[in-house]
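Just so it is clear, none of the values below were taken in a lab; they were calculated from the coordinates. Given the structure is predicted, the values throughout are model-derived calculations rather than measurements. Heads up, the Cβs are rebuilt from the backbone with ideal geometry, glycines too, and the neighbour counts pull from every protein chain shown.
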Amino acid sequence: MPLLGKAEKSELEQLILKGLQSHYDHHGSQALLVDGVRVVVHAQGVTIDHGEHPDPLAAVPLKTLFTALCYLPEGSPAMPRDALDSLATEATSVAAAHINRIAPG
């Protein structure tokens, strides 16, 4: 039985989206495409970090997600704010898969 069901995944996606939006607003449109930036799920919640949280429940490097890859080839990689919803959805799927592997059975 998975640890994260549909309701929990939906809540996780909202937390991830809020984290992405906050990081975008504070650091700019290019900040999410920097090497090492990842979505981290840990006991305290969801964070956007650069590797500061050791041993998280899940860590998703943003540059590995399809939405981010779409913006990397450009000369000055920047992500539009309206792409954050797609990025959050992808990050949620990957993070949930990591977390659900923890479930016994």
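Here are the numbers:
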item	result
Phi-based couplings in Hz for the range 82-95 (Karplus 6.51, -1.76, 1.60; Gly and Pro marked x)	6, 7, 5, 4, 5, 4, 5, 4, 5, 4, 5, 4, 5, 4
Mean ellipticity per residue at 222 nm, deg cm²/dmol - from DSSP H runs of n ≥ 4 across the chain, formula -39500 (n - 2.57)	-13500 deg cm²/dmol
Mean Cα-pair separation over length for the chain, i.e. relative contact order, pairs under 8 Å, 6 or more apart, %	35 percent
Long-range amide H partners of His42 with built H, under 5 Å	Thr47, Leu57
DSSP-loop GluC sites (Glu not before Pro) across the range 1-72, with at most 12 other Cβ within 10 angstrom	Glu52
Summed side-chain charge close to Leu87 - residues other than Leu87 whose Cβ falls under 15 Å, Lys, Arg +1, Asp, Glu -1	-1
Cα-based reach from Lys6 at 20 Å (exclusive), listing aspartates and glutamates while leaving out same-chain residues under 8 positions away	Asp85, Glu90
For the chain, the fraction of alpha-carbon pairs in successive 10 Å shells from zero, as %	16, 51, 27, 6, 1
Using alpha-carbon coordinates, inclination of helix 6-27 to the longest axis of the chain, degrees	30 degrees
Dipole moment magnitude, nearest 20 debye, the chain about Cα centre, only Lys, Arg, Asp, Glu C-beta charged	220 debye
Selection from Ala83, Ala96, Pro54 lying farthest towards where the dipole of the chain points positive, charges on Cβ	Ala96
Neighbourhood charge, 10 Å Cβ-Cβ cut-off, centred on Thr64 and excluding it, Lys, Arg +1 and Asp, Glu -1	+1
